[in-house]
There are 2 protein chains.
Amino acid sequence: MQEAAIITLKKHELSVTDTRKKILQFFLESAGALTHADIEQQMGEAFDRVTIYRTLQTFVEKGIIHTIPSADNAIRYALCKDNCAAGHHHDDHVHFLCNDCGTTYCLDHVSVPKIKLPKGFTANQTDLVVSGVCHKCEA
Amino acid sequence: MQEAAIITLKKHELSVTDTRKKILQFFLESAGALTHADIEQQMGEAFDRVTIYRTLQTFVEKGIIHTIPSADNAIRYALCKDNCAAGHHHDDHVHFLCNDCGTTYCLDHVSVPKIKLPKGFTANQTDLVVSGVCHKCEA
DNA sequence: AAAAATTTTGCAACAAAGTTGCAAAGGTTT
DNA sequence: AAACCTTTGCAACTTTGTTGCAAAATTTTT
Ligand SMILES: [Mn+2]
Ligand SMILES: [Mn+2]
Ligand SMILES: [Zn+2]
Ligand SMILES: [Zn+2]
């Protein structure tokens, strides 16, 4: 049987390269979301920084990972669980950022509520990020 | 009567300097939120970049402005409407980011709903950012 | 299985964004 | 107005992100 990473890459019509396999594999093994810096550290000198930027960009475009907004200038990326496709993400779940251990969780079973906006405003996407203490870090 | 900016600065126990007055004034005159870059552009050569960084930092700490998370690595800042104080923000409103004109609105009258988290997770802060088309940009 | 065609990668060179220490300038208090 | 404390600007630096292009790797065609 083939590696999961390879299957995913093919499903999204991407050519299977070493970089992509390794980075995707890292996501598959990680509990939470990852920043560019996390990946750069983990991969060591293996890949060029530029390649990591481009790979993340490609993965987002193809619907393999999604971004999670934050107020600390460090975009986090996490695997899409739903069947997201190129240009169409369906990641309507809440994200949780632990202030203790720094882990960012995709709360796949907690969905984002509909927000009633003022007249004239049309919603396109809603991002909801909760921060606090995660189940592993509570005293 | 004194300028509003000066009053605010004094209320938050900050010494009144030219930089702080001008930057705060810019916030008071702006409809939406501002990024560091917005301010740097607006102020031209008037102030050093470093000073702007430090001023924004101070304003956030003192509860004069709050940050708005985003997925594009460009933190936005907006005036606190509620009576936020040093170390204690109470900005529980929804933010709206227009994909057309780029304006970020504080929807002060749309409050963030309570989110039911999985067992063991404790919420501390909730950020909710909606993006779409604003009332000015709708066709 | 080679060759041709296409895509991806690494390098180099930049550009932009953010940080730190320190002396000079500016505010505040007495 | 002197003394005191805080803020600013500068310089130097680190980190983060972007772009063009040739070499290398992958996929498609023959
Ligand atoms: Mn997620
Ligand atoms: Mn706000
Ligand atoms: Zn934790
Ligand atoms: Zn708009």
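Below are the figures for this structure:
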| read-out | value |
| --- | --- |
| Residue check for A:V129: in contact (Cβ under 8 Å) with a residue 12 or more places away in the chain and within 16 Å of ligand 2 (Cβ to nearest atom) | yes |
| Test: residue in the range A:28-39 that is among the small types (G, A, S), farther than 27 Å from B:V110 by Cα, within 16 Å of ligand 1 (Cβ to nearest atom) and without any contact (Cβ under 8 Å) to a residue 12 or more places away in the chain | yes |
| Hits in the range B:120-139 (condition: open to solvent by 30 Å² or more (accessible area, probe 1.4 Å) and near ligand 4 (Cβ under 9 Å from one of its atoms)) | B:V133, B:H135, B:K136, B:C137, B:E138 |
| Number of positions in the range A:83-106 that are closer than 24 Å to A:H12 by Cα and either hydrophobic (A, V, I, L, M, F, W, C) or touching a Ser or Thr at 6+ places or on another chain (Cβ under 7 Å) (or both) | 6 |
| Selection count, the range A:109-119, where residues are surrounded by 15 or more Cβ atoms within 10 Å (Cβ to Cβ) and not in a strand (DSSP E or B) | 4 |
| One residue from A:C106, A:C137 being part of a loop (DSSP other than H, G, I, E, B), modelled with pLDDT of 90 or more and more than 7 Å from chain B (Cβ to nearest Cβ) | A:C137 |
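Yes/no per residue for (1) closer than 30 Å to B:H95 by Cα; (2) at pLDDT 95 or above; (3) under 12 Å from the mean Cα position of the chain (by Cα); (4) not charged (D, E, K, R):
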{"residue": "A:L24", "(1), (2), (3), (4)": "no, yes, yes, yes"}
{"residue": "A:D38", "(1), (2), (3), (4)": "yes, yes, no, no"}
{"residue": "A:V50", "(1), (2), (3), (4)": "no, yes, no, yes"}
{"residue": "A:V60", "(1), (2), (3), (4)": "yes, yes, yes, yes"}
{"residue": "A:I65", "(1), (2), (3), (4)": "yes, yes, yes, yes"}
{"residue": "A:H88", "(1), (2), (3), (4)": "yes, no, no, yes"}
{"residue": "A:D92", "(1), (2), (3), (4)": "yes, no, no, no"}
{"residue": "A:N99", "(1), (2), (3), (4)": "yes, no, no, yes"}
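The values are calculated or read from the model by the stated rules, or taken from the named source; none is laboratory data. Keep in mind that this is a model prediction, so the values were computed, not measured. Here Cβ is always computed from backbone atoms with ideal geometry, including for glycine, and neighbour counts include all displayed protein chains. When the accessible area is computed, the model is the full protein with side chains, heavy atoms only, and any ligands, DNA or RNA have been set aside. Shrake-Rupley method; radii C 1.70, N 1.55, O 1.52, S 1.80 Å.
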